[in-house]
1. Quick one: in region 228-258, of everything that is within 15 Å of the ligand (Cβ to nearest atom) and of a type in the set (D, E, K, R), which residue is nearest to Ala110 (Cα to Cα)?
2. Filter region 1-27 down to the residues that are farther than 15 Å from Gln56 by Cβ, of a type in the set (A, V, I, L, M, F, W, C) and not in a helix (DSSP H, G or I) and list them by number.
3. Looking at the structure I just gave you, is Val221 touching a Pro at 6+ places or on another chain (Cβ under 8 Å) and among the β-branched types (Val, Ile, Thr)?
4. Kindly indicate whether Phe61 is open to solvent by 50 Å² or more (accessible area, probe 1.4 Å) and assigned to a strand (DSSP E or B).
5. If you scan region 64-98, which residues turn out to be in a loop (DSSP other than H, G, I, E, B) and open to solvent by less than 20 Å² (accessible area, probe 1.4 Å)?
6. Taking region 205-218, which residues are under 22 Å from the mean Cα position of the chain (by Cα) and within 11 Å of the ligand (Cβ to nearest atom)?
7. Kindly indicate the residue of region 58-115 that is farther than 17 Å from Thr36 by Cβ and among the acidic types (Asp, Glu) and also modelled with the lowest pLDDT among those meeting that condition.
8. Looking only at helices (runs of 4 or more DSSP H) that lie completely in region 178-268, which have at least 2 residues being within 20 Å of Pro291 (Cβ to Cβ), open to solvent by 40 Å² or more (accessible area, probe 1.4 Å) and in contact (Cβ under 8 Å) with a residue 24 or more places away in the chain?
Amino acid sequence: MAKVLITGGAGFIASHLCESFLGRGHEVICIDNFSTGSRKNVASFSSNPCFRFIEQDITRFIRVEGPVDFVLHFASPASPVDYLELPIPTLKVGSLGTHNALGLAKLKKATFLLASTSEVYGDPLIRPQGEEYWGNVNPIGPRGVYDEAKRFAEAITMAYHRAHGLDTRIVRIFNTYGPRMRAKDGRVVPNFITQALKGQNLTVYGKGQQTRSFQYIDDLVDGIHRLLQADYHLPVNLGNPHEMTVMDFAKKILDLTHSRSSIVFEPLPEDDPQVRQPDISKARELLGWVPQVSLDIGLTKTIQYFQGQIKGYGK
Ligand code: UDP
C-alpha cells in the first residue's frame, strides 16, 4: 500500500485520481485551497479512513508528517477563464508551488509527477503535436501566465531529476472532460453542455474552425497510473487523437442533448490555439496506452452529470 500526496486534489482531474488510488487500496493525502477546486468533488470518499484532507495553499511551505511514496502535483487553475482571472496565483502555483512540491518529494524520497499541459505547445505550428516539439508560445499574452508557468514547472522538474536524481514524471494533458468539471469554469465542454441543457444559445468563439481533441477522464487516469509504473522521465502526451472543429463539437452536443438551442458566434479569445491534436505514439509504445472511451460514451456520462447539477432539470 502506497502513500500518495495529491496537490489540487479537490479539482476535477485530481479528485478522480484520489478516488482511483483509494479504490486500489492506497492512502491518499489531498491538499487543496479551493481556489478552483471544490469540497463537493471529494465528498463521496472523504469519510474513507485512507483519505486525509489538508486545506492549504501550496505556494506556501508544505509540511506533511510521515512517509510519502508519491507526490502528484495537479494544483493550478486550468481553464482559460480561471487563469485569466487569477494570473498571479497561476504563475505562483506553477513556479513556487511546483518548487515546494518538488522539495517535499525530495525530502520524502518520493516519486514526483507533474501535471503539465498541451498548452506548453502554445498555438502550435505543427499537428499532431509530438513531445519533441518546443511549441509556439506568446510569453506576454493573456495565456502566457499558464503556458509559461507550466513550462517553468517542466524545467524545474527536469532540473530536480538531473541535479538531485529525483524520480520524476511529466504528463502533458490534452483537453480532458468528464463529471466534476465546474459548470461555470468557462471551458467549452461545460459551457456547451449547460447551455444546451438550459435551452440557451451555444457560444462558439470565432468561426468555430479551431480544433480540439477531447479525452474522457477515465482514459487519462489509466494513463497516469501506467506512467507512474514506467521508468521514464521525459514528458509524455496523454490525450485522445480524435480531432474535431469546435463547430462540429457544438453540433455533437446539440445532437446528444436533443437540444433545440441555436449556435451563436462570439469573438475568438486572444492567442486561442488554432489546432490541437496529440501525437500519442510515445504513450502507446511506452505504456501500451490508447484511449478506450469514445466521444459519444464519454459525453453521454458527462451530460448525465450536468443534468444532475442543474437545479430543477427534467422536473
Ligand atoms: N470555446 C467556444 N465557446 C465556449 C468556450 C470555448 O467556442 O463557450 C472554444 C475556445 O475558443 C477554444 C475551444 O473552444 O477554441 C476550447 O476552449 P477551452 O476553454 O475548453 O480550453 P482550451 O482548449 O482553449 O484550453
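The values are calculated or read from the model by the stated rules, or taken from the named source; none is laboratory data. Note that the structure is a prediction, hence the values are computed from the model and not measured. Cβ coordinates were reconstructed from backbone atoms using ideal geometry, including for glycine residues, and neighbour counts include every protein chain displayed. Just the protein is used for accessible areas: all its heavy atoms, side chains included, with ligands, DNA and RNA removed. Shrake-Rupley method; radii C 1.70, N 1.55, O 1.52, S 1.80 Å.
1. Glu243
2. Met1, Ala2, Val4
3. no
4. no
5. Selection gives Val64, Val68, Ala75, Pro77, Ser79.
6. Tyr205, Gln210, Thr211, Arg212, Ser213, Phe214
7. Ranking the qualifying residues of region 58-115, first place goes to Glu65.
8. The helices (runs of 4 or more DSSP H) meeting that bar are 217-229, 246-257.
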